[in-house]
Amino acid sequence: MPGRAPAAPRCAALVGPYLSGKTALLESLLFATGAISRKGNAKEGTTVSDSSPEAKARKMSVEMGTATADYLGETWTFIDCPGSVELAQEARNALLICDVAIVVAEPVVDKALTLAPLFKFLDDNQIPHILFINKMDQADHTAREVLTALQAVSSRPLVLRQVPIRVAGKDGDEVTGYVDLISERAYRYHPGQESDLIKMPEEMLPREQEARTAMLEKLADFDDHLMEELLSDAVPPKEEIYQQLSKDLAEDLIVPVMLGAAEKDSGVHRLLKALRHDVPGPDGAAKRLGVNGDASAIIFKTSNQQHSGKLSLARIFGAKVADGATLSGQRISGMLKMKGHAGEKVPAGNPGEIVALGRLEQAKTGDMLTASGKTPSGYKWPEPLKPLFSLAIDVENRNDEVKLTAALAKLCEDDPSLSFSHDPETHELLLYGQGEVHLNIAFDRLKNRFNLPVKHRRPSVSYRETIKGQVKQHARFKRQSGGHGQFGDVHVEIWPLARGTGFEFHDRVVGGSVPRTFIGSVEEGIRDYLHRGPLGFPVVDVAAALFDGSSHAVDSSDMAFKTAARMAMQEAMPKCSPVLLEPIFAVEVSAPNEFTARVHHLITGRRGQILNFGAKEGWPGWDMVEALLPQSELHDMIIELRSLTLGVGNFAYRFDHLQELTGRLADKVVEQRQATAAAAH
């Protein structure tokens, strides 16, 4: 193939929904290539990619795992990516640097929709991908039914490469092999071995011819010569079909579909052959990423381990990079080839290879490090996923508070879809992520890696309060305690402002009743009070005016007038009909249109106001619902939304305005605030 270096190391990312069998497929690929002598089991925690304590505890992948294998003289790196929707950032980072994605799916029609966001990401980033329909030995639906359901969520044509051979068994039909639609050869599965070539069953001929014609017609859509051959009833040479399929895959025009059962090694050798012959070399990924030929390392995973320190998992492009080399001003100190969490030292990384680079303290995920130190202008790494869920956290041992911040920084460096911040108003340390499972994994890592067990709870809502009435108030602060005393006397007026205005201070003193040197102190005292109003929350949208007062030539001071102003506010505010304000967020919820009615019910059930809904741009078959929701109702909404939409629903949000909250809900908020304040004292 033009532009392909057959011997160059290539990379395939295994992606797909939770429980589709990606880790089992990786084990089977490694076993088939001789990279491992015995397959591991996810339930027993013995697989190559799921060796971390967090993965073993959950019996699922929680981060990407890499392993290298040689097949017929060519080197492959396989990246097993987590399937949980909450861990999608790991999969995205791996997909961006790979040559091909192997999308693993179950043969279940009702689960086809779960692949929609993944297909959209692959297509948006023009990443070649092969669909491997796994667990065909357990299929309740035909390959045709599954393919029809999957085609509905893929914008690229799905091109079936094989049709299954079914025979009647004790428990219904069994898939015992397949027919390859290009070579027109039939094969029988053998667990742990390559399939046997067999004579094509007579009853398979009509189905094989129908499927082969459909395959050729889809390929002909992208090649005029092949189309002419089909129209003239000529039989295209097999080599021409192979070449056309490889070309279309490299350009992300089609999605070849393979069948198998990873647990039994069925179809795995055929998948390896397809990878070897059809997948483009690293030049394709380099071009897609904007690499310009300079020796480069693109970091797609950062890992801070307790004992081994920081490792930057990177793919090498352009030219060989040796251990000890300097890239973008940073010296590599150690280079490893990874198999799961275990690493083997290597002297250099060749173009196309994936290596772990040691001690690059300034490097982060998404960086392109180059020998010249210059990043190509066309290179851009996508922004990480926006947070959808948060929890307030505390260390169990108060002496660990400083250590906690450093540990969280490392976790967020490892996983860019995690973030944390300190809320200055509620004094809470907040950890943000993609969902409850995502944050629980982070808590386990804090405990396992850093010996920092933490407690967590629902974050506080940033309520505010304002007033509805207007009042004038006089306050005098007078204290005599030997020597100079303290004296401040003010007359203030306060009134409400329009929502969103904030705070205004007006100086209306005439005749010098309050010396100008103390007017700033009065404003400062009023502002101090506004941090916590009579309901217990910060006060907004209020104006205050100083219109009169008196002073003492000796005893008046900045502190005295500041205190008098606070006293005036403290006495006046309860008289002004204080009301609670809750934050309202503008929310955009996206989901397949078959779930739109459920989304409407979800929003209205959370005191939301639906503003608009319609088709989501660029997402055929999806709707976008625009709404306003209280912040207090957003906390766990992503959990319920996913449960209503097969895990694919999503939303984005931003603060919009403050809105008055009354009745029992407001009373409950104020009571909780007062109880918290009492406990703190």
If we scan the range 310-322, do we find a residue that is at negative phi, touching a strand residue (DSSP E or B) at 6+ places or on another chain (Cβ under 6 Å) and open to solvent by 40 Å² or more (accessible area, probe 1.4 Å)?
yes
Among the residues of the range 598-623, which ones are at positive phi and either of a type in the set (A, V, I, L, M, F, W, C) or under 22 Å from the mean Cα position of the chain (by Cα) (or both)?
GLY618
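This table checks each residue for (1) open to solvent by 10 Å² or more (accessible area, probe 1.4 Å); (2) on the phi > 0 side of the Ramachandran plot.
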| position | (1), (2) |
| --- | --- |
| ALA261 | no, no |
| GLY267 | no, yes |
| LEU272 | no, no |
| ASN292 | yes, no |
| THR302 | no, no |
For GLN126, which of the numbered conditions (1) open to solvent by less than 50 Å² (accessible area, probe 1.4 Å); (2) outside any helix (DSSP H, G or I) fails to hold?
(1)
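Conditions tested, residue by residue: (1) surrounded by 12 or more Cβ atoms within 10 Å (Cβ to Cβ); (2) more than 19 Å from the chain's Cα centre (by Cα); (3) without any contact (Cβ under 8 Å) to a residue 24 or more places away in the chain.
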position: ILE639; (1), (2), (3): yes, no, no
position: SER643; (1), (2), (3): yes, no, yes
position: GLY647; (1), (2), (3): yes, no, no
position: PHE651; (1), (2), (3): yes, no, no
position: ASP656; (1), (2), (3): yes, yes, no
position: GLY663; (1), (2), (3): no, yes, yes
position: ARG673; (1), (2), (3): yes, yes, no
position: ALA677; (1), (2), (3): no, yes, no
Which of the residues belonging to the range 371-396 are in contact with a His (Cβ under 6 Å, 6 or more places away or on another chain) and either without any contact (Cβ under 8 Å) to a residue 60 or more places away in the chain or open to solvent by 40 Å² or more (accessible area, probe 1.4 Å) (or both)?
none
Within the range 162-219, track down each residue that is surrounded by fewer than 15 Cβ atoms within 10 Å (Cβ to Cβ), out of contact with any strand residue (DSSP E or B) (no Cβ under 8 Å at 6 or more places or on another chain), in contact (Cβ under 8 Å) with a residue 12 or more places away in the chain and in a loop (DSSP other than H, G, I, E, B).
SER183, GLU184, GLY192, GLN193
Scanning for something under 20 Å from ASN93 (Cα atoms) and among the basic types (Lys, Arg), does the range 400-420 turn up at least one residue?
yes
Of all residues in the range 520-547, which are open to solvent by less than 40 Å² (accessible area, probe 1.4 Å), over 22 Å from GLY500 (Cβ atoms) and assigned to a helix (DSSP H, G or I)?
SER521, VAL522, GLY525
Looking at (1) open to solvent by 30 Å² or more (accessible area, probe 1.4 Å); (2) assigned to a helix (DSSP H, G or I), can you tell me which one PHE121 breaks?
(1)
Look through the range 548-582, keep the residues that are among the aliphatic types (A, V, I, L, M) and open to solvent by 50 Å² or more (accessible area, probe 1.4 Å), and return whichever of them is nearest to the chain's Cα centre (by Cα).
MET567
Taking the range 394-413, which residues are touching an Asp or Glu at 6+ places or on another chain (Cβ under 8 Å) and at pLDDT 95 or above?
none
Being charged (D, E, K, R), closer than 24 Å to ARG58 by Cβ and either buried (at least 17 other Cβ atoms within 10 Å of the Cβ) or within 13 Å of the chain's Cα centre (by Cα) (or both): is that true of ARG457 here?
no
Could you count how many residues in the range 417-444 are out of contact with any strand residue (DSSP E or B) (no Cβ under 8 Å at 6 or more places or on another chain) and modelled with pLDDT of 95 or more?
4
Show me the strands (runs of 3 or more DSSP E) found entirely inside the range 254-367 where at least 1 residues are within 23 Å of LEU14 (Cα to Cα) and either among the β-branched types (Val, Ile, Thr) or touching a Leu at 6+ places or on another chain (Cβ under 6 Å) (or both).
255-259, 296-305, 309-317, 342-345, 354-358
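Rundown of residues vs (1) closer than 16 Å to VAL279 by Cβ; (2) of a type in the set (Ser, Thr, Tyr); (3) at pLDDT below 90, yes/no style:
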site	(1), (2), (3)
SER51	no, yes, yes
MET60	no, no, no
TYR71	yes, yes, no
PRO82	no, no, no
GLU86	no, no, no
Within the range 76-90, of all residues that are touching a Gly at 6+ places or on another chain (Cβ under 8 Å) and open to solvent by 10 Å² or more (accessible area, probe 1.4 Å), the one nearest to PRO416 (Cα to Cα) is GLU86
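Residues checked against (1) of a type outside the set (A, V, I, L, M); (2) over 27 Å from the mean Cα position of the chain (by Cα):
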position	(1), (2)
ALA12	no, no
LYS43	yes, no
LYS59	yes, no
ASP70	yes, yes
CYS81	yes, no
ASN93	yes, no
Log entry, pairs with first residue in the range 136-157 being closer than 16 Å to VAL255 by Cβ, second being open to solvent by 90 Å² or more (accessible area, probe 1.4 Å) and among the charged types (D, E, K, R), beta carbons closer than 6 Å, six or more apart or on different chains, reads none
Can you tell me which residue among LYS468, LYS455 is modelled with pLDDT of 95 or more and within 19 Å of ASP636 (Cβ to Cβ)?
LYS455
In the range 597-615, residue farthest from VAL587 (Cα to Cα) [restricted to those that are outside any strand (DSSP E or B) and without any contact (Cβ under 8 Å) to a residue 24 or more places away in the chain]:
ALA597
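The values are calculated or read from the model by the stated rules, or taken from the named source; none is laboratory data. The shown structure was predicted, so the numbers you read here are calculated from the model rather than taken from an experiment. Backbone-built Cβ (ideal geometry, glycine too); neighbour counts: all protein chains shown. Accessible surface areas use protein heavy atoms only, side chains included; no ligands, DNA or RNA. Shrake-Rupley method; radii C 1.70, N 1.55, O 1.52, S 1.80 Å.
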